[in-house]
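The values are calculated or read from the model by the stated rules, or taken from the named source; none is laboratory data. Being a predicted model, the structure only gives us computed values, none of them experimental. Heads up, the Cβs are rebuilt from the backbone with ideal geometry, glycines too, and the neighbour counts pull from every protein chain shown. Quick note on the areas: whole protein, heavy atoms, side chains included, nothing else; ligands and nucleic acids left out. Shrake-Rupley method; radii C 1.70, N 1.55, O 1.52, S 1.80 Å.
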Amino acid sequence: MIIITNPPERFCGEIAVPGDKSITHRALMLGALARGVTEVKGYLDARDCLSTIRCLQQLGVKITPQGNNLIIEGRNMVLKQPADILDAGNSGTTARLLLGILAGQPFKTMLTGDKSLRSRPMKRVTEPLGLMGAAIEGEGGTGNLPLAVSGGDLRAINYKSPRASAQVKTAVLLAGLYAEGETTVEEPHRSRDHTELMMKKFGVPIRSEGLKVALEGRPVLRGSQVRVPGDISAAAFMMVAAAVIPDAEVLLKDVGINPTRSGIIEALQEMGASLELQNKRSWGEEPVADILVRGGKRLEGITLQGEIIPRLIDEIPVIAVAAALAEGKTVISDASELRVKESDRISELCAQLQKLGVQITETEDGMIIDGGKQLKGAEVESCGDHRIAMALAVAGLVAEGETAVHGAEVINISFPKFMPSMRSLIVKKPFN
Ligand code: S3P
């Protein structure tokens, strides 16, 4: 449990957020498949990425920490049959991406996850992987973990995905590495493109045209050096906190601003928040900037729908907090994917924010927030969901009185130093 008391007098300072979760998973997996050594700098040292590390180690990959870096000894596409069942923990990215890799291995592997992950949909990846020739079985079909995957001998496909999901796209592309010929994936909207960018860096012949990605199978991946940018999804909590606290001034250093992830910046700017991107540069293929957020601007409600949704999907819990403090109505739609995240983020978030006095209504594919009311401290629940826990902590920061977030240990899934980072920015009223 974490307890947040009185709103801070000021919220200011400079921090570096942890490494990007999506990029860390991909660096680990591509490093494992490459020929030679991959060095990952600034990786995310948190539970979800540890799940990926453990699974890869069971598949025979040698991964060694070296200070802030990880050294991966690649196996040139050929993994080892694990002696035991693999456990992806709470991590949907680990499970879905790994299914793509396992589909290419000529042996049988069992994969499971925690209670939340076992309830999340897997058909979206098992279906295309089945079309490619992988034999995947589970107790009640292939819709949920645990699953047994017998892979090898894949054929390339042209897959038209019904949803904008980077996990689906990446699973098919990873399997496509094992198939002869060209595998393509087309999406209705652009999802995050870290896989495409990183595969290019590892020497995979891959190209993107509009909403379609194509790769030529059976390439040799070259071990590489990956410098992981700060996670914009972690920075989002600090951005919103700074935007809603009067006189706040926070500089977030080295944040990844890949346009397929930066919807949060556009959304907050449209609400009227002051966000300035400084020192823009590239780390490998990924764009990075320092983001200066100044608080105290009047925020206004906005409408979020369509192509921006996949570019800010993980930030919706904290955007809802900003919306609660903005004048007028915020309408979020086309976001039914939120119902199958680490929790049903539409219904759980609405229920918890209501406890803090937010006027928020659940809709089938999103939520409507009537903002501008003073939040009141209350006892709230993380619902086993790291992003809900952190969004509630940000809300607690500006709520009147005390807010207790129960089950907040789940924050370790993606941002173990969240509370120390927050505390480092809080300037309390001096006692006198
Ligand atoms: C992720 C993709 C997104 C995102 C998740 C991480 C990834 O999920 O919500 O937190 O790293 O590929 P979907 O692919 O299900 O949209």
Reach of Lys201 by Cα under 19 Å, taken over aspartates and glutamates that are not fewer than 8 positions away in the same chain: Asp20, Glu39, Glu73, Glu182, Asp193, Glu209, Glu216, Glu285, Glu286
Pairs Lys108/Lys169; Lys123/Lys376; Lys41/Lys376; Lys62/Lys115; Lys160/Lys280: which are spaced more than 31 Å apart, C-alpha to C-alpha? Lys123/Lys376; Lys41/Lys376; Lys160/Lys280
Convex hull per residue volume in Å³, alpha carbons only, for region 302-432: 109
With only Lys, Arg, Asp and Glu charged, each at its Cβ (+1 for the first two, -1 for the last two), find how big the charge dipole of region 275-432 is about the Cα centre; round to the nearest 20 debye. 840
Looking at region 262-417, send over the antiparallel percent of its DSSP beta bridges, to the nearest 5. 70
Helical mean residue ellipticity (222 nm; -39500 (n - 2.57) per DSSP H run of 4+; nearest 500) of the chain: -9000 deg cm²/dmol
Sequence-separation-based contact order of region 287-432, relative, with Cα cut under 8 Å and 6+ spacing, percent: 20
Nearest 10 degrees is fine. How inclined is helix 386-398 to the longest principal axis of the chain, computing both from alpha carbons? 10
Suppose a student asked you for the relative contact order of region 21-217, using Cα pairs under 8 Å spaced at least 6 residues apart; what percent would you report? 17
Let me spell out the model: positive unit charges on the Cβ of Lys and Arg, negative unit charges on the Cβ of Asp and Glu, origin at the Cα centre of region 21-217. What dipole size does that give, in debye rounded to 20? 360
Please compute P(r) over all alpha-carbon pairs of the chain, binned at 10 Å starting from zero, and give each bin as a whole-number percent. 5, 23, 32, 24, 13, 3, 0, 0
May I ask for the Kirkwood hydrodynamic radius of region 19-120, worked out over all distinct Cα pairs and given in angstroms to one decimal? 13.5
Cα shape, region 21-217, gyration tensor, a/c 1.5 rule: rounded
Can you give the translational diffusion coefficient of region 360-404 in µm²/s, computed by Stokes-Einstein from the Kirkwood radius over Cα pairs at 10 °C and 1.306 mPa s? 136
Arg120 accessible area, assembled protein chains, probe 1.4 Å, Å²: 10
Mind checking the dipole of the chain: about its Cα centre, +1 per Lys or Arg Cβ, -1 per Asp or Glu Cβ, Debye to the nearest 20? 960
